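K.L.:
Shown below is the structure under consideration.
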Amino acid sequence: MNSNSSVPKRKTSKDSSLAWNLVLSSTGKSKSTISINNAFKGLKESRPYVLNPKYTTPTSLPLYFYFGYQLMQGKGEIHECGHILLLEALKANRCDYVRVLIDRGVSLKLIDLAELYEQTVSCEECKDKDCLHMHWILKQIEESRARILCQSYKDIMERKRKFNNGNKKQSKELTISVADAAKGLCREMLRYKEYKNKSLDSNKDEDEDKYVEVSDILLWAIFANRRVLAEICWLKGENHLLTGLVSSAVLRKLSKKVNNVKEQKLSIDLEEHSILFEQRCIGIMDSMYEEDSEHAIDLMDDEAEVWGISSSPLTFAYENFMYDIVAHTCSQKLINKEWYNNLTPDLKPFLKSAFKKPIKFFTAPLTKYVLNYMMFFSMLVMYSAFVLTSISTKYYVLNIGRLFEYYVYFWSAGDFIEELISCFGCLEVRGRSHRNYYSRMKRYLYDFWNVVDLLSYALLITALCVRHFHPSENFTVARRMFSLSLLVMYLRFLEVFLIHRNLGPTLIMIKEMLKDLLRFLFLAVFVVLGVGIYYHANLWPDHQTMFNGDWTNWRIWTIIYYPYWQLYGELNLESLDGSDHSDCTNVTAEWEADTSIERCPRDDWTVLAVAGIYMLFSNLLLVNLVIAMFSYTFERVQNDSEKLWRFERYTVINDYDWRIPSPINLLFLPYRFLCCPTKKYCCVQQCKSKV
């Protein structure tokens, strides 16, 4: 007798497990035909309360997670089917489960990511006015991909569930996947061009069964403002430093957009999340510098790609005004290496290297910086001599006068070309990011010194046009324009002291105080106009010729004249009380016919009363207000003077990394554009990607 026939067959743990019984009772299928995916789809359909946060209890999701996890472990399909558990854990914000699944190598599918955005970013069922979901906020963003991310996928998913739940072609109605739409929205908000790697684009697949990367989940966590989940995905990803900086910049941009639609609480939360990512990056830099300083310094200039944004950490931090990152020791060490072109960072050894390593010495940004301002100062001397010498007399026929003038033109042309290159970044090489031209121009015009540069060019071109197209006997207007252009040039020369450790913060304070002064003048102009009109209406009533004659004799200047100078304590009481009748006339026909003839004022006691109140208001309130604004700005800049100075210093060093002093650059201009380093750099990157 066969002994095996009398022994009953033992049930395996897989056949008798509680997880299997739960799945079978939910799906109504036999053990031989059931699969993991069908089991969990049936469970989600038959027991929707298990996944609905409105009806779940603190233990419901752990029980569901436990059954599912044990089932997949028993079948050995945790990697193939675990995306279902990961999706539900992400939607329920169960960070511990997410951490376990990602540690086991579980990834989301592309269709799961679309469902994740639909059910977490949108807020269709939310009736609370203080809803913190990002759906309504993202819809306010004008970028096209925000509309795709918020509404288009939502409509497609609803049609898919309503008409054909098993048809995967429904979500392919859009030409862009949800992951690419989120990345595109990130780039559009930060104003970056997409960095396309051809080797990766050729393998691109829009199949819904494709698994997404951890960075795609991180980007969702940023839009959903899930702090802990964002930290988990950030730690599990790659390029932690650059990814953290990009995440911080995206959160800061979202915070500003949320604040624009008056959602202050969410704006504060996003700002705090942004600061948290920046602090994490600073912590990474501190740790790396303590362990391996050379590697930490080189990493700041290591170009990488995150969500289609290609940049180096230092460049990205600089472009997004992350002062703490730029002022960090790692960044400053790298900046010093660039400043001295990897030569000894000390003045005497650096000067001695001119004989030992002449090429590196003369191509160092420090050398080009000093040489540029030496040429700049020589131009100022020649420009001053040209302006002080009348262009309409015999002195101009001397050759020395023409030499001074033409040198100014050549220097200005060369310097203007360098400013255009700086604005559009067509010769930048190392670690440069792929920003669009609008962002580059906006970033260029944000710098105060660049605005002063453009103003000096505009005045010089205007002076040339006035001189050649509006000639006169004495060239008075042209001389004024040349003099004004020279004045702005002298103001430009102050930038040479920006690199100095003591004078640099002082210039930064002056720049910030100028902003306060402009705000004060914007407010004061309405007060001055109001008081001036009251003066004019009562001292010279029924004045009909407001804009007759030459523009220098318009009455608007008389309206502004008295209240403006009273800001500085000039009372002009003899004119305001109507007692001064010298050099004026009361004959209406005379002052109406000739606007250069002054009209005599009338006596009105209310003018002096208003003048007394205005002087009290302007000198005790407005002037002291601007002084208080200056004091606040001084303290603010003084507290962050080192950080701000280091940021401005990097602006100068980054500029002179490729800049050639004018007018020497005119000799090398054809060679620089024919052998553009940007083209070479792109070719090298393409070759590396093919390899």
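K.L.:
Can you name every one of the helices (runs of 4 or more DSSP H) wholly within region 437-555 that holds 3 or more residues which are within 29 Å of Glu598 (Cβ to Cβ)?
P.N.:
On the way: elements: 437-446, 448-469, 476-493, 503-539.
The qualifying helices (runs of 4 or more DSSP H) are 476-493, 503-539.
K.L.:
With the structure loaded, tell me whether Trp591 is assigned to a helix (DSSP H, G or I), among the hydrophobic types (A, V, I, L, M, F, W, C) and in contact with a helix residue (DSSP H, G or I) (Cβ under 9 Å, 6 or more places away or on another chain) or whether it fails that test.
P.N.:
On the way: assigned to a helix (DSSP H, G or I): yes; among the hydrophobic types (A, V, I, L, M, F, W, C): yes; in contact with a helix residue (DSSP H, G or I) (Cβ under 9 Å, 6 or more places away or on another chain): no.
Here the answer is no, as Trp591 does not meet what is asked.
K.L.:
Follow-up. Could you list, in sequence order, all residues of region 561-600 that are open to solvent by less than 30 Å² (accessible area, probe 1.4 Å), touching a residue at least 24 places away in the same chain (Cβ under 8 Å) and farther than 14 Å from Val531 by Cα?
P.N.:
Ser575, Gly578, Trp591, Arg599
K.L.:
Now for a separate question. Consider Tyr535 carefully, then state whether it is at pLDDT 90 or above, out of contact with any Leu (no Cβ under 6 Å at 6 or more places or on another chain), of a type outside the set (A, V, I, L, M) and farther than 30 Å from Met509 by Cα.
P.N.:
Working: at pLDDT 90 or above: yes; out of contact with any Leu (no Cβ under 6 Å at 6 or more places or on another chain): yes; of a type outside the set (A, V, I, L, M): yes; farther than 30 Å from Met509 by Cα: yes.
For Tyr535, the condition - at pLDDT 90 or above, out of contact with any Leu (no Cβ under 6 Å at 6 or more places or on another chain), of a type outside the set (A, V, I, L, M) and farther than 30 Å from Met509 by Cα - is met.
K.L.:
May I ask you to list the residues in region 532-560 that are within 13 Å of Ala611 (Cα to Cα) and either of a type in the set (Phe, Trp, Tyr) or open to solvent by less than 20 Å² (accessible area, probe 1.4 Å) (or both)?
P.N.:
Filtering region 532-560 for residues within 13 Å of Ala611 (Cα to Cα) gives 532-536, 538-539.
Hits for region 532-560 are Gly532, Tyr534, Tyr535, His536, Leu539.
K.L.:
Scan region 363-418 residue by residue and report those that are assigned to a helix (DSSP H, G or I), modelled with pLDDT under 90 and more than 30 Å from Phe673 (Cα to Cα).
P.N.:
The answer is Ala385, Phe386, Val387, Leu388, Lys394, Tyr395, Tyr396, Val397, Asn399, Ile400, Gly401, Arg402.
K.L.:
Which ones in region 308-321 are open to solvent by 10 Å² or more (accessible area, probe 1.4 Å) and of a type in the set (Phe, Trp, Tyr)?
P.N.:
Filtering region 308-321 down to residues open to solvent by 10 Å² or more (accessible area, probe 1.4 Å) leaves 318-321.
Across region 308-321, the qualifying residues are Tyr318, Phe321.
K.L.:
Show the residue pairs that are 6+ apart or on different chains and have beta-carbon atoms under 7 Å apart, the first residue being within region 275-299 and within 25 Å of Leu254 (Cα to Cα), the second being among the acidic types (Asp, Glu) and part of a helix (DSSP H, G or I).
P.N.:
Qualifying pairs under 7 Å: Glu278/Asp324; Ile282/Asp324.
K.L.:
Return the pairs, sorted by first residue and then second, in which the second residue is open to solvent by 50 Å² or more (accessible area, probe 1.4 Å) and not charged (D, E, K, R), the first residue lies in region 627-649 and is within 14 Å of Ile499 (Cβ to Cβ) and in a helix (DSSP H, G or I), the beta carbons are less than 7 Å apart, and the residues are 6+ apart or on different chains.
P.N.:
Short answer, once both residue conditions are applied: Leu644/Tyr323; Phe647/Tyr323.
K.L.:
State all residues of region 598-617 that are of a type in the set (Val, Ile, Thr) and more than 19 Å from His581 (Cβ to Cβ); if no residue qualifies, say none. So that I can check it myself, show each step before the final result.
P.N.:
Kept after step one, since they are of a type in the set (Val, Ile, Thr), are these residues of region 598-617: 606-607, 610, 613.
Correct list: Thr606, Val610, Ile613.
K.L.:
Still on this structure, I have one more. Residues to consider are Phe634, Phe647; find the one that is open to solvent by less than 30 Å² (accessible area, probe 1.4 Å), of a type outside the set (S, T, N, Q), at pLDDT 85 or above and over 21 Å from Ile421 (Cβ atoms). Lay out the reasoning, then the answer.
P.N.:
Numbers: Phe634 fails: open to solvent by less than 30 Å² (accessible area, probe 1.4 Å).
Of the residues listed, the single one that is open to solvent by less than 30 Å² (accessible area, probe 1.4 Å), of a type outside the set (S, T, N, Q), at pLDDT 85 or above and over 21 Å from Ile421 (Cβ atoms) is Phe647.
K.L.:
Please find, within region 265-297, the residue that is nearest to the chain's Cα centre (by Cα) out of those that are surrounded by 19 or more Cβ atoms within 10 Å (Cβ to Cβ) and of a type in the set (S, T, N, Q).
P.N.:
So, considering only residues that are surrounded by 19 or more Cβ atoms within 10 Å (Cβ to Cβ) and of a type in the set (S, T, N, Q), the one nearest to the chain's Cα centre (by Cα) is Ser274.
K.L.:
Looking only at residues that are crowded, with 18+ Cβ neighbours inside 10 Å and of a type in the set (D, E, K, R) in region 334-371, which one is nearest to Ile284 (Cα to Cα)?
P.N.:
Ranking the candidates gives Glu338 first.
The values are calculated or read from the model by the stated rules, or taken from the named source; none is laboratory data. What you are looking at is a predicted structure, and each value in this text was computed from that prediction instead of being measured. Here the Cβ is made from the backbone with ideal geometry for all residues, glycine too, and neighbour counts use every protein chain on show. Just so you know, the surface numbers come from the protein's heavy atoms only, side chains and all, with ligands and any DNA or RNA stripped out. Shrake-Rupley method; radii C 1.70, N 1.55, O 1.52, S 1.80 Å.
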